[in-house]
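Here's the structure, in structure tokens; my notes come after.
The values are calculated or read from the model by the stated rules, or taken from the named source; none is laboratory data. This structure is a prediction, so every number in the text was calculated from the model and none was measured. With ideal geometry, Cβ positions are generated from the backbone for all residues, glycine too; neighbour counts draw on all protein chains shown.
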Amino acid sequence: MARKLGPDPTVNDLNIVEIPPLTIEEGLDMSLKIFNEYKVPVDEEDVRYMLREIKWLMPFFIQLVIQLLIDETESEGLPVTSKMVDKVLLKAANHRNNIYFASYYDRLEKSLPADQYEKAKSILAEIAEKEAVEASQFNNDNNQLLLETLEYDGYIHEQSGYYRFNSPILRMWWGKNAR
């Protein structure tokens, strides 16, 4: 974003600090503390399953799934299970005006010029549909800055020559709702 705005030289002196996702053990510790705080019965293996399904272990996504699981346990009176995790992951991705993910969609329109916005939506729609798209497919249309923006804003990442969504939940939501 700073590069697109043509910053004064002092912005170029800033260091880029990448904040990586949590490790499985850090995510497990965080999750168990939250479940314990809310007195929700949960087995460690089910929490590990939840974390494997979330994949991109940013606290936001972990907390979102945990909140949905807490709501589910309160309404059903059952402990957390892997089957319940699957259910809430689908639930998270199925809401058109989901307050958690609509901002990802809205943010593109606000931060990109119209032609870049349309191109970004097209790229993200294709990645959502196919789950992974060869990076070389997007490199031919001077998309490098746009792809960097999508990466640094937390939508996608490049791994082994393929672009994928960081979050499977966001990918599912995008595929169903962002048109």
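Quick look at the numbers
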{"item": "Residue in the range 55-79 that is nearest to Glu25 (Cα to Cα), counting only those that are in contact with a Pro (Cβ under 7 Å, 6 or more places away or on another chain) and of a type outside the set (D, E, K, R)", "result": "Leu57"}
{"item": "Check on Ser122, more than 20 Å from the chain's Cα centre (by Cα), modelled with pLDDT under 95 and farther than 27 Å from Ile19 by Cβ", "result": "no"}
{"item": "The range 35-55, residues that are assigned to a helix (DSSP H, G or I) and over 20 Å from the mean Cα position of the chain (by Cα)", "result": "Phe35, Asn36, Glu37, Glu44, Glu45, Asp46"}
